[in-house]
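Everything below concerns the one structure shown next.
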Amino acid sequence: MNTQPTGGCISDVPGVHIGHAHSESGHTGVTVLLFESGAIAGIDIGGSAPATRETELLNPTNMIMRIHAILLTGGSTFGLGAAAGVQRFLQEKDIGFRASTGVVVPIVPTAAIFDLDVGRPRIYPDAQMGYDACRNAKAKPTRQGSIGAGSGALCGKVLGTPTAMRGGVGTASITFPDGLTIGALAVCNAWGDVLDPDTGSIVAGARDPDAPERFLNTDDYLIKRREIDPRFFGRDTTLCVVATNAKFSREQITKLAMMAQDGIARAVRPSHTMFDGDVVFAVSLGDKEVDVNVAGSIAARMIVEAINRGVREANKVEPTK
């Protein structure tokens, strides 16, 4: 959904560079968003099993005013170490928080998905992979699907990985005639099913083990069974970043992240469970004027579109006409 043909990518927002790196054998990877001039940022955590690093800095009552990158990673908590490579890359470019004379500390909030049961559990993103993703970063449209942090992502995991489908990285943006741009990037590794926003039908999710050509429909399954197999707990998460060239305070951008979280609930059913670590980051990089309520509503819609694009590309599902 673009009112101007900007490519439908979060990198349409000026100041956003995207890079990916991954391990072929490990089926895991990282996706980095660089903001070399710094960005005002907020966060909303909607799931109950997050794996994060440096996110408390985004609380508006804390000192740090700007961040310099966001890293989305596979590898669960092991993968959080990849942020050290992002910091090293930025430090080499003298980008970061000026802690004292000659001391620069890049601020890189990080969040991870659980993909250790997809590839090789002892292979997970490290500092070198984070550094490589930064070297690959460009202010251009990015590939979508099973790439970067979405390399090992799945969705529809109520019965575990055997009946799940691929999740992945997706992105979307909208640009208005006055130049205001709002974009989103999502890494969908959801416990629930992903829905088409126009039809409400399942795009990707749990397959019926007795009839693999059909979707199980996780909502219906839960209504019928009223129980969940504990073997499949805690392996899920949808991570999102929303960016805009509108000017917002730290309090406003935090509210925008909270509103944008609704996009996950619209696209993934069910979402925000005890097993999901759903996280939405939001960043402000410009001086355009727009009401935060309007921007938050648009951001939620961009997240819906980004999630759908990622899983459609990963599973080669054609979009609805």
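Some notes on this structure:
- Residue match in the stretch 199-209 (condition: hydrophobic (A, V, I, L, M, F, W, C) and touching a Ser or Thr at 6+ places or on another chain (Cβ under 7 Å)): yes
- Selection status of Gly81, outside any strand (DSSP E or B) and closer than 23 Å to Ser11 by Cβ: no
- Just one of (1) at pLDDT below 95; (2) out of contact with any strand residue (DSSP E or B) (no Cβ under 6 Å at 6 or more places or on another chain); (3) of a type in the set (A, V, I, L, M, F, W, C); (4) within 20 Å of Ala153 (Cβ to Cβ) fails for Val304. It is (1).
- Hits in the stretch 76-121 - residues which are more than 23 Å from the chain's Cα centre (by Cα) and within 29 Å of Gly156 (Cβ to Cβ): none
- Output for the stretch 151-175, where each listed residue is touching a Ser or Thr at 6+ places or on another chain (Cβ under 6 Å) and assigned to a loop (DSSP other than H, G, I, E, B): Ser151, Gly152, Val158
- The numbered conditions (1) at pLDDT 95 or above; (2) closer than 28 Å to Pro50 by Cβ; (3) more than 21 Å from the chain's Cα centre (by Cα); (4) not polar (S, T, N, Q) are all true for Pro162 except (1).
- Flag if Ala186 is over 22 Å from Ile307 (Cα atoms) and at pLDDT 95 or above: no
- Some residue of the stretch 237-251 being surrounded by fewer than 21 Cβ atoms within 10 Å (Cβ to Cβ), more than 16 Å from Ile67 (Cα to Cα) and among the hydrophobic types (A, V, I, L, M, F, W, C): no
- Unmet requirement for Leu159, which otherwise passes all of (1) touching a residue at least 60 places away in the same chain (Cβ under 8 Å); (2) crowded, with 24+ Cβ neighbours inside 10 Å: (2)
- If you go through the stretch 254-302 and pick out every residue that is of a type in the set (S, T, N, Q) and assigned to a loop (DSSP other than H, G, I, E, B), you end up with 3.
- Within the stretch 189-199, the only residue that satisfies the criterion of being part of a loop (DSSP other than H, G, I, E, B), touching a strand residue (DSSP E or B) at 6+ places or on another chain (Cβ under 9 Å) and surrounded by fewer than 24 Cβ atoms within 10 Å (Cβ to Cβ) is Asp196.
- Scope the stretch 202-224; condition in contact (Cβ under 8 Å) with a residue 60 or more places away in the chain and outside any strand (DSSP E or B); matching residues: Leu216, Thr218, Tyr221, Leu222
- Residue tally, condition in contact with a Gly (Cβ under 9 Å, 6 or more places away or on another chain) and either buried (at least 24 other Cβ atoms within 10 Å of the Cβ) or part of a strand (DSSP E or B) (or both), over the stretch 176-188: 7
- Taken together, the residues in the stretch 23-53 that are at pLDDT below 95 and not in a loop (DSSP other than H, G, I, E, B) amount to 3.
The values are calculated or read from the model by the stated rules, or taken from the named source; none is laboratory data. Computed from a predicted model, the values in this text were never measured in an experiment. Here Cβ is always computed from backbone atoms with ideal geometry, including for glycine, and neighbour counts include all displayed protein chains.
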